[in-house]
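> Pasting in a structure now, in structure tokens, and then I'll have a few things to ask.
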Amino acid sequence: MAASDSTRSDKMVALEVFRYRPEEGEEPFFQRYEVPYVDDWVVLDALNHIKNEIDGTLTYRWSCRMGVCGSCGMMVNGDPKLTCAAFVRDYYPATIRVEPLNYFPVIRDLVINMDDFLDKLTEVKAWLVPKEEKPVSEGEYLQTPAELAKYKQFSMCINCMLCYSACPVYGQHPDFIGPAAIALAQRYNMDSRDDATDERGEAIFSHEGIWECTFVGECSQVCPKNVDPAGAIQQAKVTATKDWYRSVLVPWGKKKAKTT
Amino acid sequence: MTTEGTKSKEYIRPMPSNWWLKRRSYFLFMVRELTCVFVGGYALFLLVLASRLGDAVGFVALLKNPLVVVLQLIALPMVLYHTVTWLNLTPKVLVVWRGETRVSPILIAGVHYLAWLAVSVVVLWIVLM
Amino acid sequence: MAKSNEPIWWSLFSAGGVVAAFFFPVTILITACGLSFGWISGEDLHKLLQHPLSRLYLLILISMPLFHWAHRFRYVAMDLGLKSLSSVLPFVCYGTAIAGSGMAVFYLVWL
């Protein structure tokens, strides 16, 4: 990851990084580092420089460094960002403040506990439940391009949790299922091969599900993959409402919840 | 570390009660939500007007009251903000597919804006004619 | 977690939001400025509102937006820190909307 000499200069940029070392003390603190300013670096490059050259104790998550794995989410100057997609030149010469993702417990330095999110993915059954189980020998499940289009946007989620860090409802009510989990539930609900909308409804058409959402919309603003979880949630509200009226006005109809 | 079987203490950052002042988008959200107070207030005002349908003098007196006029002039921009934010969000709720593509959100919102203008003109025309 | 009965309140909130969005600006314009600017006389407006369709218009513009206020206010009050009232807020808010709608029916339909 060493930059070529043509992009290095004598310029430096400062990072103020949130540190939390539970074995050393109860309170977190900020540590200031000066790294070279390289105009094609992202904040992740700066963090890697710190860890490799200055302070090996700095702890953080990262992987693909190209915006597809969802590992490197952190707060950069108060905004939830993938640090591999946040360019240092957009902040330079101001100091860059790096903190762990909002609204999650901090395990150490910039690493947060994401168990809550992972539990919610299980709760909403974020996987395909086919209408009919077919053995491979019977061939593929067929789907038209129009059927694919209906859920494709929601399938782009990389589980980076930036949306949870942007959502003030999640910040105040950690039992809120949250934007990504609901968007992923909708991804499967709207998949023509899937048949578990009714089952997922128990999780998402509940008080802790879509009905906690007050459509702040910040989740969709920060999503790096344009999943638009806010849109997914509003569509789910419409579906849940149609389903509710159907069950109240036509209670003898045994149809399961349909995703319209 | 893991062999010891003890979990280190996690740090929970408290959410401040003035969280909505910390970010421009949160603040605009709160303004949008608080327009409901003006919506509810004007609805109650209409209720008072309705209660005076049998009393022409009291009805006109209420409408001519300067304080009542001023309160409505304060409510008007708030209600307009409700209208604009509401119409702008219609594409998120009204999703229309034509084959593999979604009807443009701008078109969806645009149709709603035109309907709003049309309805307003019709109401004005009915009252003033 | 079970499926919630929230849809009834959310659909009333949505209906109220639509009614307020489409009809309130022009109606406020009329009631705030109509008499002061001489667009219409107080007596003429009073007569216009006696008509059954006007009464229906007023009924919708009172009832639906009250439910819009109720649902939104119930949530925003908690966002602003009134979490201690979370169990009583729904009753106060929806109760007010129901009472206001009832009074509107009384004045506009019954009388």
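The values are calculated or read from the model by the stated rules, or taken from the named source; none is laboratory data. Just so it is clear, the structure is predicted and the values come from calculations on it, not from any experiment. Every residue, glycine among them, receives a Cβ derived from its backbone with ideal geometry; neighbour counts consider all protein chains shown.
> Can you pull out every residue in segment A:190-230 that is within 7 Å of another protein chain (Cβ to nearest Cβ) and of a type in the set (A, V, I, L, M)?
A:A203, A:V216, A:A230
> Restricted to segment B:34-59, and to residues that are among the β-branched types (V, I, T) and modelled with pLDDT of 95 or more, which residue is surrounded by the most Cβ atoms within 10 Å (Cβ to Cβ)?
B:V39
> If a residue has to be facing another protein chain (nearest Cβ under 7 Å) and surrounded by fewer than 16 Cβ atoms within 10 Å (Cβ to Cβ) to count, how many in segment B:84-96 make the cut?
1
> Check B:Y81, B:Y113 and return the single one that is more than 7 Å from chain C (Cβ to nearest Cβ) and either more than 21 Å from C:V26 (Cβ to Cβ) or touching a residue at least 40 places away in the same chain (Cβ under 8 Å) (or both).
Of B:Y81, B:Y113, the one residue that is more than 7 Å from chain C (Cβ to nearest Cβ) and either more than 21 Å from C:V26 (Cβ to Cβ) or touching a residue at least 40 places away in the same chain (Cβ under 8 Å) (or both) is B:Y81.
> Being modelled with pLDDT under 95 and under 22 Å from A:K242 (Cα atoms) is the filter here; which residues of segment B:63-92 pass it?
none
> Follow-up. Among residues belonging to segment C:19-45 that are in contact (Cβ under 8 Å) with a residue 24 or more places away in the chain and more than 22 Å from B:A56 (Cβ to Cβ), point out the one that is farthest from the other protein chains (Cβ to nearest Cβ).
C:V19
> Please state which of the following conditions B:V31 fails to meet, knowing it meets all the rest: (1) in contact (Cβ under 8 Å) with a residue 40 or more places away in the chain; (2) surrounded by 15 or more Cβ atoms within 10 Å (Cβ to Cβ).
Going through (1) in contact (Cβ under 8 Å) with a residue 40 or more places away in the chain; (2) surrounded by 15 or more Cβ atoms within 10 Å (Cβ to Cβ) one by one, B:V31 breaks only (2).
> Scan segment A:176-233 residue by residue and report those that are part of a loop (DSSP other than H, G, I, E, B), of a type in the set (K, R) and over 18 Å from the mean Cα position of the chain (by Cα).
Selection gives A:R193 alone.
> Of the residues C:L48, C:L56, only one is under 21 Å from B:V119 (Cβ atoms) and more than 8 Å from chain B (Cβ to nearest Cβ); which?
Testing whether each residue is under 21 Å from B:V119 (Cβ atoms) and more than 8 Å from chain B (Cβ to nearest Cβ) leaves just C:L56.
> For segment C:52-69, state whether one or more residues are assigned to a helix (DSSP H, G or I), in contact with a Gly (Cβ under 7 Å, 6 or more places away or on another chain), among the hydrophobic types (A, V, I, L, M, F, W, C) and closer than 25 Å to A:Q172 by Cα.
yes
> Can you tell me which of (1) more than 23 Å from A:G171 (Cα to Cα); (2) without any contact (Cβ under 8 Å) to a residue 24 or more places away in the chain; (3) surrounded by 13 or more Cβ atoms within 10 Å (Cβ to Cβ) is the one A:N77 doesn't meet?
(1)
> For C:F91, which of the numbered conditions (1) assigned to a helix (DSSP H, G or I); (2) in contact with a helix residue (DSSP H, G or I) (Cβ under 9 Å, 6 or more places away or on another chain) fails to hold?
It is condition (2) that C:F91 fails.
> OK, next. Would you confirm whether or not segment A:59-71 contains a residue that is surrounded by 19 or more Cβ atoms within 10 Å (Cβ to Cβ), more than 21 Å from A:N226 (Cβ to Cβ) and in contact (Cβ under 8 Å) with a residue 40 or more places away in the chain?
Yes, that holds for at least one residue.
> Same structure, new question: Can you give me the number of residues within segment B:9-37 that are more than 7 Å from every other protein chain (Cβ to nearest Cβ), out of contact with any Phe, Trp or Tyr (no Cβ under 9 Å at 6 or more places or on another chain) and part of a helix (DSSP H, G or I)?
Adding up the residues that qualify gives 2.
> Applying the selection to segment A:163-189, what residues are in contact with a strand residue (DSSP E or B) (Cβ under 7 Å, 6 or more places away or on another chain) and within 14 Å of chain B (Cβ to nearest Cβ)?
A:S165, A:A166
> Consider C:L82 carefully, then state whether it is hydrophobic (A, V, I, L, M, F, W, C), more than 16 Å from the chain's Cα centre (by Cα) and closer than 16 Å to B:L47 by Cα.
no
> If you go through segment A:111-134 one residue at a time, do you hit one that is under 30 Å from A:Y33 (Cα atoms) and part of a loop (DSSP other than H, G, I, E, B)?
Yes, segment A:111-134 contains at least one residue that is under 30 Å from A:Y33 (Cα atoms) and part of a loop (DSSP other than H, G, I, E, B).
> Report, by residue number, each residue of segment B:38-68 that is among the basic types (K, R) and assigned to a helix (DSSP H, G or I).
B:K64
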